[in-house]
1. I'd like the distance separating the alpha-carbon centroids of region 237-265 and region 112-162, in whole Å.
2. Can you tell me the relative contact order of region 53-200? Whole percent, Cα pairs under 8 Å, sequence separation 6 or more.
3. With the contact rule set at Cα under 8 Å and sequence spacing of 6 or more, what percent relative contact order holds for region 122-246?
4. Quick one: order 131, 308 by neighbouring beta-carbon count within 10 Å, fewest to most.
5. Over region 229-325, what is the relative contact order in whole percent, taking alpha-carbon pairs under 8 Å and six or more residues apart?
6. In whole angstrom, how long is each semi-axis of the equivalent ellipsoid of region 229-325, when you take the square root of 5 times every eigenvalue of its Cα gyration tensor and sort them from largest down?
7. Return 292, 178, 115 ranked ascending by Cβ neighbour count within 10 Å, so the fewest neighbours appear first.
8. Pop the C-beta distance of residue 168 and residue 148 into the FRET formula with R0 = 51 Å and round what comes out to the nearest 0.05.
């Protein structure tokens, strides 16, 4: 017979209420925006990812099978730092991760990410910690046809289906790239809209929301204003789109394209990386990609420019064009670049779980001076501070009890309630 005495300070009524609250939490699932699709095309998208423990840039990149430079440029982080790919990023750092969004089984998702399991992994720890809630344990289980989620072989190669949306690369008929954002406990729709320079109405329309209510764990598609390319379909970087305030690397690290600030016209120029590249000079001119000349006339300003036209069969396509505009352009403005982050101040008590087989290496100190940031917020810093709390004096039975209830609800909640009564 179940002991009817108060459990660790809980009265019978309080315990019953606690059980009902937990049952309600278990029965409510997080929401995610789903975009139906009917063809096999793909698009560029982004994930809002929170680094769960100290990781090298290359380790974060390997979680998503990406080029480390692509992650750095997407977050406007200086790629000229020595050995930047091995720079250690701090836990709780928020990053925008560029991904390819495909059409799979009639909905938009990314299935190009694979994860090799480690000894202490569970499906829940992979979903909630390693991939910061961008995917659920059930989605990983279904994607890999796992019959018993409690048994994972070390070294098992898992497909990690990640959320993404395209919506034709536009928002209100303007170029946009969509960020899949996991709602934090302290978030509100108003704050999210303000942070990403959009409106509550736009977020509600994009995510088919009936109200402004959001809860932790929901995944919202957030439109980011962007610069779109017009490269031909046969170019390997066809469909390149760069969010405002960011960079993208292309043409085998030879070309770097940027967007903004103050303009949504894509601007491409030779990248700063020391690599072997094909010619970037426009034919019949001495201009290189990104160069332009101006000539003031009585009718306005004649501008001759050498533009990047895509990467085709290992060749950098260039386009020379001359056009008349009312005023001569000023110097090209670039998105502010920041140094690779080494620490993030956070008041959150919900620190991430340690990485399986973590080596415990501390943060590296940048070996070159910081790049000053002018205007705007620091790209790459967490969008919000974590919830603030204090240590509890509750007895040791409380946490095991809650764990038991969560594990057994909703199937055994009624049985437990009747036993208490």
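We did not get these values from a lab; they are worked out from the coordinates using the rules stated. All values reported here derive from a predicted model rather than from experimental measurement. Methodologically, a virtual Cβ is constructed for each residue, glycine included, from the backbone with ideal geometry; neighbour enumeration extends over all protein chains shown.
1. With region 237-265 and region 112-162 each reduced to a Cα centre, they are spaced 32 Å.
2. It comes to 19 percent, rounded to a whole number.
3. Once divided by the residue count of region 122-246, the mean separation gives 21 percent.
4. Working: 131 23, 308 27.
Taking fewest neighbouring Cβ atoms as first place, the list is 131, 308.
5. Relative contact order of region 229-325: 23 percent.
6. Output for region 229-325: semi-axes of 23, 17, 12 Å.
7. On the way: 292 15, 178 28, 115 21.
In order of increasing Cβ crowding within 10 Å: 292, 115, 178.
8. The formula returns an efficiency of 0.80 here.
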